[in-house]
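What follows is a short report on a single structure.
The values are calculated or read from the model by the stated rules, or taken from the named source; none is laboratory data. All figures in this text were calculated on a predicted structure; none of them were measured in a lab. Neighbour counts are summed over all protein chains in view; Cβ atoms, including those assigned to glycine, are modelled from backbone coordinates with ideal geometry. The protein model used for the area step is the full one, side chains on, heavy atoms only, and it has no ligands, DNA or RNA in it. Shrake-Rupley method; radii C 1.70, N 1.55, O 1.52, S 1.80 Å.
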Amino acid sequence: MDATRRISNLALIGFMGTGKSSVGRLVADQLRFTFLDTDDVLVSRAGKPITEIFAQEGEAAFRQKECALVQELALRTRTVIATGGGLPVNPANLASLKTHALVMCLWASPEKIWERVRGQNHRPLLNDPDALAKLRALLEAREPFYRQADVLVNTEMRSLREVAHQVIHQYRLATSAHR
Ligand code: S3P
């Protein structure tokens, strides 16, 4: 890692259903960091759920709000940031996060993700007649972006607690090496 980076936050990126929010909360608790979920902030600012933001304003408007929020995050310290699944697809977002956060990607196969998200309906991109095919295509297109994380954590065959433990371990390794 670039020794000039000043890591004061931990950002979790990854596809929908990889556990970013659940793991992020556990990690924040244990590190005594603040927890912030970019989707939650955008929903509370807009005063409506993500499905409605997408339906009424379009995906591009959502991405703009997301990008503006990412810029604000540079001011934070001791925060675990769980990001929306599409956020790192904008290179400016990933670059901005990397200036202040260790970026960790939670990974899972499409089959595992499908097991976790099927039956949920709060994600507009998966409200599709063939949601599994959509999921596979999106994940494949996004893989190159997710792979730009500092650390990749496989969440398959691991409980949320085990993933959180691994995330904390990697964060401590990275931050102690650069103090
Ligand atoms: C999206 C993922 C969602 C949310 C929005 C778009 C995506 O967040 O930001 O529905 O493009 O993958 P989660 O990854 O928290 O589900």
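Determine the dipole magnitude for the chain: charges of +1 sit on the beta-carbon of Lys and Arg, -1 on that of Asp and Glu, nothing else is charged, the reference point is the Cα centre, and the result goes in debye to the nearest 20.
Numbers: 24 positive and 19 negative charges, 125 e Å.
My answer is approximately 600 debye.
Placing +1 on the Cβ of each Lys and Arg and -1 on the Cβ of each Asp and Glu in the range 50-135, which of LEU75, GLY58, PRO88 has its Cα farthest towards the positive end of the resulting dipole?
LEU75
Relative to the longest principal axis of the chain, what angle (0 to 90°, nearest 10) does the C-alpha long axis of helix 59-73 take?
Roughly 10 degrees, rounded to the nearest 10.
If you fit an axis through the alpha-carbon atoms of helix 91-100 and take the longest principal axis of the Cα set of the chain, what angle between them do you get, 0 to 90°, nearest 10?
Here the helix axis deviates by roughly 30 degrees.
Suppose all protein chains stay in the model; what accessible area per residue would a 1.4 Å probe give for the range 1-155, in Å²?
Values: 7360 Å² over 155 residues.
With the other protein chains kept in place, the range 1-155 gives 47 Å² per residue.
For the range 58-179, just the Cα atoms, rotate onto the principal axes and tell me the three extents in Å, largest first.
Largest to smallest, the principal-axis extents are 50, 36, 23 Å.
Just name one of PHE145, HIS169, ALA131: the one whose Cα is farthest towards the positive end of the charge dipole of the chain (beta-carbon charges, Lys/Arg +1, Asp/Glu -1).
Working it through, the farthest residue towards the positive pole turns out to be HIS169.
More than 12 angstrom separation, counting every C-alpha pair in the range 35-92; what % is that?
For the range 35-92, the fraction of Cα-Cα distances above 12 Å is 66 percent.
Pop out the carbon and sulfur fraction of the accessible area of the chain as a percent, whole number, probe 1.4 Å. Display every interim value, and only then the final one.
Working: 4580 of 9120 Å².
Ligands and nucleic acids excluded, carbon and sulfur give 50 percent.
Students often forget the sequence filter, so: which lysines lie under 20 Å Cα-Cα from LYS98 once same-chain residues fewer than 8 apart are removed?
List returned: LYS20, LYS65.
As a test of the formula, what do you get for the chain when each DSSP H run with n ≥ 4 contributes -39,500 (n - 2.57) and the sum is divided by the residue count, at 222 nm and rounded to the nearest 500 deg cm²/dmol?
Working: 8 runs with 96 residues, N = 179.
The helix-only estimate for the chain comes to -16500 deg cm²/dmol at 222 nm.
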